[in-house]
Amino acid sequence: MTGEAPRTVHPNEIGNTGFFTDPGFDFVTRSMIGYAAQGVMDVGQVFATIARIEDGDADSWYAAWRARAEKLHAQAKTSVAAGHIESAHRRFLAASEGYAQAIAFLDGQTDKSTFGPTFALQSECWEAFVDTSGGRIERVAVPYEQNSLPGFLFRPDTSGANRPTLVMTNGSEGSKSGLWAWGVTSTLARGWNAFLYDGPGQQNMLFDHGHAFRPDWEAVLTPVVNSLVGRADVDGSALFAYGCSQAGYWVTRALAFEHRFVAAAVDPGVMDVSASWLTHIPQQLVDVLKAGDKDVFNARMAEAAKNPKMAEVLAARGRPFAKHTPFDTFTAALEYNLWPVIGDVKTPLLITDPDEETFWPGQSAEMSQKLTGNHEIAHFSREDGANWHCEPMGRLEVELRMLDFFQDRLSKKRSSRTLT
């Protein structure tokens, strides 16, 4: 007996203490645990990988995740050679996400030339994941301007049955394998399809084709819907939409113009994307930006970028906007707000609202206040381990709440049709 009082363990203490002191490393680790829980890879593989990472060191992050990805990739190839196609299918998915994680902190790495080859391997493994699906995943090229968006229709089987379909829109830098982990399995379990795609500024559309972000996402989501509604295996009267992270803005914006969805969910609600940018600079500098003083703003930001971590964040977050100066990037971000169109959103909408929302705190409630159509707020708590931006370690509960919301709205729509 030591005579010491028992230590009090608080609910979800890891939610407060974290895995790393570096906030970026910590958040992405939480996301990887959530991905693993949904079947991307084993949770043990995540923990074994992060154990080899030096806190805040992007080079060690890259080395650890690149080694994990290469091991998974080799295992997938061995499975193919042995005729174990289902095992290869899952291992290619894991390898794709492993490569995606390896380059998650590119801008902090000493050697940035690793990006191109690693991203190519990430894409190669994703395509192999599709190819080993036994036909359950079908590629769908979505016509977009003079190019096309790469789309992937996930189906419960190859029967070609006409099914409700969930259209999933990613955030600013998320991988397709990460988006898969945030809803596909639960959607297929209900007998529905799920559709994933890269929009402008995302993944292959950015890195392979040079398409930058755009604020008017109706120009993206409407072509996606047009590509789906004519398919025999998609019930065009039973479409749903989901948007995670920055897509909480994009999807809501598109819904003001695109009215063919039965219901939608945004995770979280994002009224003004630029808020997550402006809160990190002094108000005096915000005033300079809004006054249009480009030279002064760029000079002040150049000073700020002498801090390596600030330089990393600015480079990573600014890349998909594809602007030449910080002033141009910040000015572009100001366009991403819903105030002019929020009153035109009539699609029933579920809005997530997690404890400790990192990037857009309070905006889910603000969106709820401004919407005039049918909507609900779904709160997710620290006590349930579902806190932080996009509830990285509470994904199953998020998916169940979302899919129940969709199912109820679909049932109501079909009942009203029967009555009339």
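The values are calculated or read from the model by the stated rules, or taken from the named source; none is laboratory data. Computed from a predicted structure; not experimentally measured. Cβ coordinates were reconstructed from backbone atoms using ideal geometry, including for glycine residues, and neighbour counts include every protein chain displayed.
Can R253 be described as outside any helix (DSSP H, G or I), basic (K, R) and within 29 Å of G178 (Cα to Cα)?
no
Which members of segment 100-138 meet the condition of being in a helix (DSSP H, G or I), among the hydroxyl-bearing types (S, T, Y) and either touching a helix residue (DSSP H, G or I) at 6+ places or on another chain (Cβ under 6 Å) or without any contact (Cβ under 8 Å) to a residue 24 or more places away in the chain (or both)?
S113, T118
Modelled with pLDDT under 95 and either in the same structural domain as F213 (by TED's automatic domain parsing) or part of a helix (DSSP H, G or I) (or both), is that true of E399?
no
Out of V40, V46, report the one residue that is within 20 Å of the chain's Cα centre (by Cα), outside any loop (DSSP other than H, G, I, E, B) and outside the structural domain of M393 (by TED's automatic domain parsing).
V46
Just checking, how many residues over segment 256-285 are closer than 18 Å to G183 by Cβ and either touching a His at 6+ places or on another chain (Cβ under 8 Å) or surrounded by fewer than 22 Cβ atoms within 10 Å (Cβ to Cβ) (or both)?
Number satisfying all stated conditions: 2.
Could you tell me how many of the residues in segment 302-314 are in a helix (DSSP H, G or I) and either modelled with pLDDT under 90 or farther than 17 Å from D107 by Cα (or both)?
Number satisfying all stated conditions: 9.
Scan segment 175-193 for residues that are within 19 Å of S96 (Cα to Cα) and either without any contact (Cβ under 8 Å) to a residue 24 or more places away in the chain or not in a loop (DSSP other than H, G, I, E, B) (or both) and jot them down.
K176, S177, G178, L179, W180, V184, T185
Identify, please: which residue in segment 301-319 is free of Cβ contacts under 8 Å to residues at least 40 places away in the same chain and among the small types (G, A, S) and is, among those, surrounded by the fewest Cβ atoms within 10 Å (Cβ to Cβ)?
The extreme case among them is A302.
I'm told T78 meets every condition in (1) touching a strand residue (DSSP E or B) at 6+ places or on another chain (Cβ under 9 Å); (2) not in a loop (DSSP other than H, G, I, E, B) except one. Can you identify the failing condition by its number?
For T78, the exception is condition (1).
What number of residues within segment 317-359 are assigned to a loop (DSSP other than H, G, I, E, B) and either closer than 17 Å to Y242 by Cβ or in contact with a strand residue (DSSP E or B) (Cβ under 8 Å, 6 or more places away or on another chain) (or both)?
7
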